[in-house]
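Let me begin by presenting the structure, written as C-alpha cells, before commenting on it.
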Amino acid sequence: MSRPVRVADDWYVGSLLRGLALLEIRAMARRKKPMEWWAGDDYVACIAWLADLCHNMPDARTRIPGFGGLFRRVRRRERPFAHAWRVADQAGREWILGRLAREGVTWTPPA
C-alpha cells in the first residue's frame, strides 16, 4: 500500500528533513556504524555531514507569522530553502530528494 502524496512547502520540507536526519544521526551514534548509503566506514564523518546538510534548512517551528526580521527578507528575495539547496553538494541533494520520495512528499527545489 502506497502513501498518499503530499505537496509541501519549504518550511514543511525543512522540518521533515531535519527530523529524518535526527533519526539517522541517533541510529549511527547508537550502532557506531554509518548509514548504508554512506561511502565509508566513518560514522562520525557521516553524522557531521548530515548535521551540516540540515543546519541551514528552514524549520517550521521557527517560523513566526508577522516577524519582521530575517524571515521577511527571505520571503521577499528568495524561497526559505534556497540557501540550503544552493550549498548542498550532489550527495546532499540526492539525500534530500530521496528522503522526500520515500516519504511520499512532492516538492520542487529552488531554482
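The values are calculated or read from the model by the stated rules, or taken from the named source; none is laboratory data. Worth saying up front: this structure is predicted, and the values here are computed from it rather than measured. Reconstructed Cβ throughout: ideal geometry from the backbone, glycine too, with neighbour counts over all protein chains shown.
Of all residues in the stretch 30-42, those satisfying the criterion of being within 19 Å of the chain's Cα centre (by Cα) and surrounded by 11 or more Cβ atoms within 10 Å (Cβ to Cβ) are Pro34, Met35, Trp37, Trp38. Checking the stretch 22-38 against the condition returns no match, with no residue being touching a Ser or Thr at 6+ places or on another chain (Cβ under 8 Å), closer than 29 Å to Glu78 by Cα and not polar (S, T, N, Q). Against the definition (loosely packed, with under 15 Cβ neighbours inside 10 Å and at pLDDT below 95), how does Gly68 come out, yes or no? Spelling it out, Gly68 is indeed loosely packed, with under 15 Cβ neighbours inside 10 Å and at pLDDT below 95.
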